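Trainee: Structure incoming, see below.
The values are calculated or read from the model by the stated rules, or taken from the named source; none is laboratory data. Nothing here was measured: the structure is a model prediction, and the numbers come from that model. For neighbour counting, all protein chains shown are included, and Cβ atoms are generated from backbone atoms with ideal geometry for every residue, glycine included. When the accessible area is computed, the model is the full protein with side chains, heavy atoms only, and any ligands, DNA or RNA have been set aside. Shrake-Rupley method; radii C 1.70, N 1.55, O 1.52, S 1.80 Å.
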Amino acid sequence: MTELTAPKSSISSKDFANEIRELLKYEQGVTPEQASAADVYVAASSAVRRHLMDSWMKTQQDMVNGNTKAVGYLSAEFLMGRQLRNSLLNAGLTEQFNEAVKELGFDAQKVIDAEYEPGLGNGGLGRLAACFIDSLASLGVPAFGYGIQYKYGIFRQEFDEEGKQVERPDYWLANEDPWGHIDYGRSQRVNFGGEVVEEDGKRVWKPAWAVRAIPVDYMVPGYASGRVNTLRLWQAKSYDEFDLLEFNKSEYMKAVEPQVQAENISKILYPEDSTQVGKELRLEQQYFFTSASLHDAIRVFYPGQDKPDLTTFADKITFQLNDTHPVIGIPELMRILIDEYGYDWDTAWTVTTKTFNYTCHTLLPEALEVWPASLIGKLLPRHLEIIEKINDQFLAELADLTDDQDKIERMRIVTDEDDAKVRMAYLATYAGSHVNGVAELHSQLLKDVTLRDFSDLFDAKFTNVTNGVTPRRFMKLANPGLSELITEGLGTDKWLSDLELLKGLEPLAQDDEFVKKFAKVKYDNKVKFAQFAKDEYGFDLDASTMFDTMIKRLHEYKRQALKILEVIATYADIKSGKVNADDLTPRTFIFGAKSAPGYYMAKLTIQLINNVAKVINNDPDVKGKLKIAFPYNYNIRVAQLLIPATELDEQISQAGKEASGTSNMKFALNGALTVGTLDGANVEIRARVGAENFFLFGMTVDEVEALYAAGYDPSKYYEADPRLKAAIDMVANGTFSDGDAETYEPLVTDWLKKDWFMTLADFTAYHDIQSQIDTLYADQLEWNRKAILNVANSGYFSSDRSIEDYLERIWMTGPLDK
Ligand code: 26V
């Protein structure tokens with residue numbers, strides 16, 4: 001007997017269909033006959049929301065009335081993905097929905113596909129925030145996600161005829177959003193600019209302008225917890241919609257100027273995901289949402305109180321700073337406590353330092369945010385004063401701790417130069433209670449390199465929480481076939497809320513019948529993806545070839561170039577007759593990647609991949625052997641289809657550069673084998689699934705460092721490996737640019753002269769491991785055994801476990817009482 005514990009609502013399909021009918025009538029004003037799939041999607045979404053309402057209200061009441069400290073997850077990005085299927089799952093309404101829409105004459109998948117994916121994040125950092133709020137709710141921990149409701153999310157990516165990336169605006173709010181509830185009654189005023197004056201011995205901020213932050217609330221239902229938390233995303237609106245004087249003068253554009261300016265703040269998500277741009281509007285965004293969120297928390301936890309006792313603030317809610325983007329919240333809380341509520345500096349400091357913790361998500365120096373003090377002073381003059389005072393206090397403290405003047409200089413929060421800078425990571429590290437990295441290796445490197453001076457003096461602050469992913473979305477919803485097989489194998493579906501139970505699959509890796517069933521699930525997923533790729537992109541993919549996938553933002557450190565050079569080298573070997581194509585495992589190489597619009601090398605790499613695809617896919621010599629598919633506009637929806645269909649997962653960043661990675665976890669949990677370097681969470685995945693079930697190659701962090709120190713010369717590697725030379729020569733001689741040697745010249749020059757991320761140095765190892773991969777793949781039973789062992793030993797990578805670690809190590813709180 002299989003034990004089934006998944007939530008299930010007691011409502012009948014008929015009644016659910018009637019609820020949808022009612023909503024179609026009274027909200028949309030259409031009959032089921034007139035309704036489109038999009039109408040049914042909106043009505044069904046509203047219906048699910050209604051089913052969650054009681055739990056939502058009760059969760060909020062229990063949170064405010066109880067003694068359990070809540071979590072505030074402050075994040076500039078929440079990459080949620082589509083909501084309907086997830087909400088149905090957690091509300092226990094999936095079956096009723098499937099039946100009800102059928103009864104109304106609709107195809108369930110068409111209704112699901114009517115939802116436009118909200119893309120309010122760039123990549124891993126934003127998706128992690130979404131996984132974390134799912135897990136917080138599923139564990140029954142009271143929590144808010146706080147962020148921005150951008151009008152335009154991450155750009156829609158297209159490729160032009162030359163294979164270049166073209167960015168199109170993602171106007172997701174042009175469509176009805178049944179999930180967000182706009183709460184005009186709970187808006188907050190956010191001030192900017194102006195000056196600080198002295199009044200009665202006090203510093204008083206006289207702002208020059210203000211915007212209205214309006215909360216849009218999204219329900220975050222837990223899986224099998226009975227709890228529903230809130231994701232509160234702020235929308236910017238003007239207080240002065242309209243300048244009537246200007247309008248009367250027929251200056252229409254001038255009349256709407258204040259409105260346009262205010263609304264610009266929440267207009268667009270910045271698409272840069274690792275280089276700091278230092279744009280004023282971005283600082284406005286950061287202050288906008290953190291200020292509104294802090295005020296909101298005071299409103300929520302001290303309802304109706306004019307003079308709340310805010311010395312208890314840190315017992316009510318603990319704020320996690322998701323990277324440096326919300327770090328301006330530190331001086332903001334100081335300002336609120338001192339200027340708005342009259343506390344003295346020391347009291348305010350005690351409360352503030354207890355309230356905040358900081359997660360760092362990078363190792364790249366160029367991603368660590370640094371703001372010109374002049375810009376902060378212009379936009380937030382009072383905050384600059386507070387930051388300077390924090391800096392002075394810090395320097396005084398340091399003087400007591402060390403005699404090393406150089407070290408003290410290095411650690412300054414505000415640099416000592418004419419155009420002084422404010423280092424947000426340092427501010428967060430000093431003012432927060434804890435700092436964490438996102439995988440063991442990353443946390444270690446933070447201590448040894450990036451924040452070394454800080455860890456020397458404040459070692460107790462530093463901790464690690466390895467990232468995780470939600471098994472609800474990335475297994476249950478994305479991979480129903482595997483989920484059923486796992487439930488059958490384990491005799492229970494409890495693994496969805498206790499992922500370590502997957503360990504029970506381990507013995508089944510030796511059961512040939514089970515292994516064959518597993519292989520069948522994978523094959524069916526490949527067929528399903530191939531069908532999707534055909535319908536959506538017009539690709540012809542062969543599900544009998546190995547699906548070899550690399551999905552992530554396009555960045556030099558991630559080394560998509562290594563992958564494409566390896567494909568080219570293989571192609572060259574076949575063309576020159578060195579290798580018989582029949583001796584190779586036929587592979588389909590699948591890429592998904594967006595590049596920051598201004599990132600030249602990344603964009604050129606996209607163009608190269610597209611043009612290698614054009615050549616290889618049209619060459620009869622490699623037909624059925626090599627194929628490249630690069631679906632444009634990779635997003636959560638594509639991920640949910642592609643990850644379950646993948647057999648080989650590429651995690652090939654230069655060691656010491658990828659903080660964690662999270663797709664590596666999703667792949668392992670969906671039964672792909674990884675080819676990867678010892679970087680980020682790969683290290684922990686390999687340790688858990690077993691070295692024999694992971695294709696390791698490439699230099700280690702220490703080897704990379706040694707090579708930098710010795711002086712790295714990429715051209716030596718080009719000369720030494722004829723396969724690498726052949727591949728680069730092909731790019732250089734115009735094979736992939738209609739004979740034009742200019743097109744990829746910047747890439748080629750970079751590879752041969754600079755190659756900062758050592759693609760060439762790792763090429764030979766990477767190319768050589770491919771034959772091991774092919775050999776194993778030839779034995780399908782063995783391959784799938786190893787894939788099952790990956791699934792069985794990856795339970796640790798549930799975001800539920802990450803959240804439990806945060807609760808225990810950093811937040812010191814837990815679930816609400818039942
Ligand atoms: C940084 C910046 C710098 C300023 C401009 C805009 C911007 C936007 C985002 C970021 C954050 C970059 C850091 C990031 O996304 N890190 C990724 O975080 C994942 C979750 O922890 C982790 O798995 C990836 O390895 C890491 O690259």
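Trainee: So is Asp177 within 16 Å of the ligand (Cβ to nearest atom), crowded, with 16+ Cβ neighbours inside 10 Å, not polar (S, T, N, Q) and not in a helix (DSSP H, G or I) or not?
Mentor: So Asp177 does not fit the description; no.
Trainee: Then there is this: (1) within 26 Å of Leu446 (Cβ to Cβ); (2) within 16 Å of the ligand (Cβ to nearest atom): which one isn't true of Leu375, the others all being true?
Mentor: It fails just one condition, (1).
Trainee: Residue by residue through the range 44-64, note down the ones that are within 20 Å of Ala108 (Cα to Cα) and touching a residue at least 60 places away in the same chain (Cβ under 8 Å).
Mentor: Matches in the range 44-64: Ala44, Ser45, Ser46, Arg49.
Trainee: I need a count of the residues in the range 583-602 that are over 23 Å from Lys657 (Cβ atoms) and touching a residue at least 24 places away in the same chain (Cβ under 8 Å).
Mentor: 5
Trainee: Kindly indicate the residue of the range 254-279 that is more than 30 Å from Arg553 (Cα to Cα) and charged (D, E, K, R) and also farthest from the ligand (Cβ to nearest atom) among those meeting that condition.
Mentor: Going through the qualifying residues, I end up with Lys254.
Trainee: Within the range 533-551, count every residue that is touching a Leu at 6+ places or on another chain (Cβ under 6 Å) and part of a helix (DSSP H, G or I).
Mentor: Going through the range 533-551 one residue at a time, the tally reaches 1.
Rundown of residues vs (1) hydroxyl-bearing (Ser, Thr, Tyr); (2) within 25 Å of Glu440 (Cα to Cα); (3) more than 13 Å from the ligand (Cβ to nearest atom), yes/no style:
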residue	(1), (2), (3)
Ser291	yes, no, yes
Gln305	no, no, yes
Pro308	no, no, yes
Phe313	no, no, yes
Thr324	yes, yes, no
Leu333	no, no, yes
Asp339	no, no, yes
Trp345	no, no, yes
Asn357	no, yes, yes
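Trainee: Residue under question is Thr570, and the condition is that it be modelled with pLDDT of 95 or more, part of a strand (DSSP E or B) and over 25 Å from the mean Cα position of the chain (by Cα); does it hold?
Mentor: Criteria not met by Thr570.
Trainee: Can you name the condition, by its number, that Glu251 falls short on among (1) open to solvent by less than 50 Å² (accessible area, probe 1.4 Å); (2) of a type outside the set (A, V, I, L, M, F, W, C); (3) at pLDDT below 95; (4) over 24 Å from the mean Cα position of the chain (by Cα)?
Mentor: The failed condition is (1).
Trainee: Being polar (S, T, N, Q), open to solvent by less than 10 Å² (accessible area, probe 1.4 Å) and within 26 Å of Met812 (Cα to Cα) narrows it down to one of Thr470, Thr463, so name that one.
Mentor: Going through Thr470, Thr463 in turn, the sole match is Thr470.
Let's see how each residue does on (1) modelled with pLDDT of 95 or more; (2) at negative phi; (3) among the aromatic types (Phe, Trp, Tyr); (4) buried (at least 20 other Cβ atoms within 10 Å of the Cβ):
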residue: Ala720; (1), (2), (3), (4): yes, yes, no, no
residue: Lys725; (1), (2), (3), (4): yes, yes, no, no
residue: Ile728; (1), (2), (3), (4): yes, yes, no, yes
residue: Gly734; (1), (2), (3), (4): yes, no, no, no
residue: Ser737; (1), (2), (3), (4): yes, yes, no, yes
residue: Asp740; (1), (2), (3), (4): yes, yes, no, no
residue: Trp756; (1), (2), (3), (4): yes, yes, yes, no
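Trainee: Still on this structure: Being over 17 Å from Phe159 (Cβ atoms) and of a type in the set (D, E, K, R) is the filter; apply it to the range 531-546 and report the residue that is most open to solvent (accessible area, probe 1.4 Å).
Mentor: Asp535
Trainee: Mind listing whichever residues of the range 136-162 are touching an Asp or Glu at 6+ places or on another chain (Cβ under 9 Å), within 30 Å of Leu608 (Cα to Cα) and in a loop (DSSP other than H, G, I, E, B)?
Mentor: Across the range 136-162, the qualifying residues are Gly153, Ile154, Phe155.
Trainee: Further, regarding this structure: Output the number of residues of the range 431-444 satisfying the condition of being in contact with a helix residue (DSSP H, G or I) (Cβ under 7 Å, 6 or more places away or on another chain) and surrounded by fewer than 23 Cβ atoms within 10 Å (Cβ to Cβ).
Mentor: Qualifying residue count, the range 431-444: 3.
Trainee: Residues of the range 451-468 being under 16 Å from Gly656 (Cβ atoms) and either in a loop (DSSP other than H, G, I, E, B) or away from the ligand (no atom under 15 Å from the Cβ) (or both), which ones?
Mentor: Leu451, Arg452
Trainee: Report, by residue number, each residue of the range 263-302 that is in a helix (DSSP H, G or I) and on the phi > 0 side of the Ramachandran plot.
Mentor: none
Trainee: Would you call Gly153 in contact (Cβ under 8 Å) with a residue 40 or more places away in the chain, in contact with a helix residue (DSSP H, G or I) (Cβ under 9 Å, 6 or more places away or on another chain), open to solvent by less than 40 Å² (accessible area, probe 1.4 Å) and away from the ligand (no atom under 16 Å from the Cβ)?
Mentor: no
Trainee: Of all residues being away from the ligand (no atom under 15 Å from the Cβ) and of a type outside the set (Gly, Ala, Ser) in the range 428-450, which is nearest to Ser483 (Cα to Cα)? Just the residue, please.
Mentor: Among those that are away from the ligand (no atom under 15 Å from the Cβ) and of a type outside the set (Gly, Ala, Ser), it is His434.
Trainee: Considering only the range 419-441, how many residues are closer than 19 Å to Pro372 by Cα and in a strand (DSSP E or B)?
Mentor: 3
Trainee: Mind checking which residues of the range 580-629 are open to solvent by 10 Å² or more (accessible area, probe 1.4 Å), closer than 22 Å to Ser737 by Cα and in contact with a Ser or Thr (Cβ under 7 Å, 6 or more places away or on another chain)?
Mentor: Of everything in the range 580-629, those that are open to solvent by 10 Å² or more (accessible area, probe 1.4 Å), closer than 22 Å to Ser737 by Cα and in contact with a Ser or Thr (Cβ under 7 Å, 6 or more places away or on another chain) turn out to be Lys603, Asn611, Val615, Leu626, Lys627.
Trainee: Filtering the range 636-659 down to residues that are buried (at least 22 other Cβ atoms within 10 Å of the Cβ) and away from the ligand (no atom under 16 Å from the Cβ), which residue is nearest to Ala741 (Cα to Cα)?
Mentor: Going through the qualifying residues, I end up with Leu648.
Trainee: How many residues are closer than 19 Å to Leu554 by Cα, in a loop (DSSP other than H, G, I, E, B) and either more than 9 Å from the ligand (Cβ to nearest atom) or among the charged types (D, E, K, R) (or both) when one looks only at the range 660-677?
Mentor: Of the residues in the range 660-677, 1 are closer than 19 Å to Leu554 by Cα, in a loop (DSSP other than H, G, I, E, B) and either more than 9 Å from the ligand (Cβ to nearest atom) or among the charged types (D, E, K, R) (or both).
Trainee: Follow-up question, since we're still on this one. Any chance you could count how many residues in the range 100-111 are out of contact with any Lys or Arg (no Cβ under 8 Å at 6 or more places or on another chain), in contact (Cβ under 8 Å) with a residue 24 or more places away in the chain and surrounded by fewer than 22 Cβ atoms within 10 Å (Cβ to Cβ)?
Mentor: So the answer is 4.
Conditions (1) farther than 30 Å from Gly126 by Cβ; (2) open to solvent by less than 50 Å² (accessible area, probe 1.4 Å); (3) in contact with a Lys or Arg (Cβ under 9 Å, 6 or more places away or on another chain), marked per residue:
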| residue | (1), (2), (3) |
| --- | --- |
| Asp346 | yes, no, no |
| Thr359 | no, yes, no |
| Leu363 | no, yes, yes |
| Glu369 | no, yes, yes |
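Each row is one residue, and each column tells you yes or no for (1) open to solvent by 10 Å² or more (accessible area, probe 1.4 Å); (2) among the polar types (S, T, N, Q); (3) farther than 28 Å from Glu658 by Cα; (4) more than 16 Å from the ligand (Cβ to nearest atom).
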residue	(1), (2), (3), (4)
Pro32	yes, no, yes, yes
Ala37	yes, no, yes, yes
Thr59	no, yes, yes, yes
Asp62	yes, no, yes, yes
Asn86	yes, yes, yes, yes
Leu89	yes, no, yes, yes
Glu95	yes, no, yes, yes
Asp113	yes, no, yes, yes
Gly124	yes, no, no, no
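Trainee: Please determine, by comparing only the residues of the range 678-691 that are part of a loop (DSSP other than H, G, I, E, B) and within 16 Å of the ligand (Cβ to nearest atom), which one is surrounded by the fewest Cβ atoms within 10 Å (Cβ to Cβ).
Mentor: Leu678
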